[in-house]
1. If you take the residues of region 152-163 that are touching a helix residue (DSSP H, G or I) at 6+ places or on another chain (Cβ under 8 Å) and surrounded by 15 or more Cβ atoms within 10 Å (Cβ to Cβ), which of them is farthest from Met231 (Cα to Cα)?
2. Anything in region 1-33 that is within 20 Å of Ser170 (Cβ to Cβ) and either free of Cβ contacts under 8 Å to residues at least 40 places away in the same chain or in contact with a Gly (Cβ under 9 Å, 6 or more places away or on another chain) (or both)? List them, or say none.
3. Mind checking which pairs have a first residue in region 109-133 that is free of Cβ contacts under 8 Å to residues at least 24 places away in the same chain and a second that is of a type in the set (Asp, Glu) and surrounded by 14 or more Cβ atoms within 10 Å (Cβ to Cβ), Cβ under 6 Å, 6 or more apart or different chains?
4. Does Ala32 satisfy the criteria of being modelled with pLDDT of 95 or more and farther than 21 Å from Leu200 by Cβ?
5. If you check Leu96 against the conditions, is it assigned to a helix (DSSP H, G or I), within 18 Å of the chain's Cα centre (by Cα) and assigned by TED's automatic domain parsing to the domain that holds Ser166?
6. Is it true that some residue in region 68-79 is surrounded by fewer than 19 Cβ atoms within 10 Å (Cβ to Cβ), touching a strand residue (DSSP E or B) at 6+ places or on another chain (Cβ under 6 Å) and not in a helix (DSSP H, G or I)?
7. Can Leu108 be described as assigned by TED's automatic domain parsing to the domain that holds Lys197 and within 21 Å of Leu199 (Cα to Cα)?
8. Are any residues in region 80-93 hydrophobic (A, V, I, L, M, F, W, C), buried (at least 20 other Cβ atoms within 10 Å of the Cβ) and outside any strand (DSSP E or B), and if so, which ones?
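The values are calculated or read from the model by the stated rules, or taken from the named source; none is laboratory data. Since the model is a prediction, treat every value here as computed from it, not as a measurement. Cβ sites come from the backbone with ideal geometry, for glycine too, and all protein chains shown count toward neighbours.
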Amino acid sequence: MDIKVDESTCTGCSLCKNVCMYDAIEIINGKAVIDDNCVFCGACIDACKFKSIEITGLSDKHLDFSNYNGVMVFLETLDGAVLDVGYELATEGRKLASSLGVPLSGVLIGNKVKDHFLQAFEYGLDKIYCIDNPVFSNQLDDIYAKVLVQIIDKYKPEIFLAGATSFGRSLVPKVAAIIKTGLTADCTALAIDEEKKILLQTRPTFGGNVLATIVTKDARPQMATVRPHVMEKKKTAIAES
């Protein structure tokens, strides 16, 4: 998979550069140039008025997503405790999973996190993949990325959500780049297209003056990071010991 700019139609207007959250686009000699920071989120494609940008290299086999199922949420921790944004995403993920009729899972990685394992179930999760090891005492994104890639490759969620925290903004783009899927960053709203059954990812753009809704049509999982404290945190069940 690659992303290309048609230089014959590109005007160097900078619309694509202005919406890129990953500083992956520069205007060089009057043309947009996209570098390796790109995570294939598609924001630049939606912003381009001249249809000069496209993702290439997708064959038919990439479009068969029948083996992807479920919504998965990354439960980020600090000092062993799950951050509120993890519970906010679990609450929102429950709504998305129910709309699709699929299971909701959580990924809990860290050191001494097992004490919070049962509490996480109170927010609508059907299952949790927990990895508790001292190696995760420090938030080293390279180590976390390797584990998340393995989990995603094994369980194949159709949707993957994480918090747009400082750690999430560093970690999740690496995961998306490794598994070659798109990522929509800093979302403020999520919904399911009832007809197409795909994730609608809404985020501010153009300096926050416009809300753009982005979809990931040609890759899985559909990945998004969500800003903390913009979604409700609500318990939906009582954890059983």
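1. Out of the qualifying residues, it is Ile152.
2. Cys20, Asp23, Ala24, Ile25
3. Lys114/Asp132
4. For Ala32, the condition - modelled with pLDDT of 95 or more and farther than 21 Å from Leu200 by Cβ - is met.
5. When the stated conditions are applied, Leu96 passes them.
6. Scanning region 68-79, I find no residue that is surrounded by fewer than 19 Cβ atoms within 10 Å (Cβ to Cβ), touching a strand residue (DSSP E or B) at 6+ places or on another chain (Cβ under 6 Å) and not in a helix (DSSP H, G or I), so the answer is no.
7. Against the criterion (assigned by TED's automatic domain parsing to the domain that holds Lys197 and within 21 Å of Leu199 (Cα to Cα)), Leu108 does not qualify.
8. Val85, Leu89, Ala90
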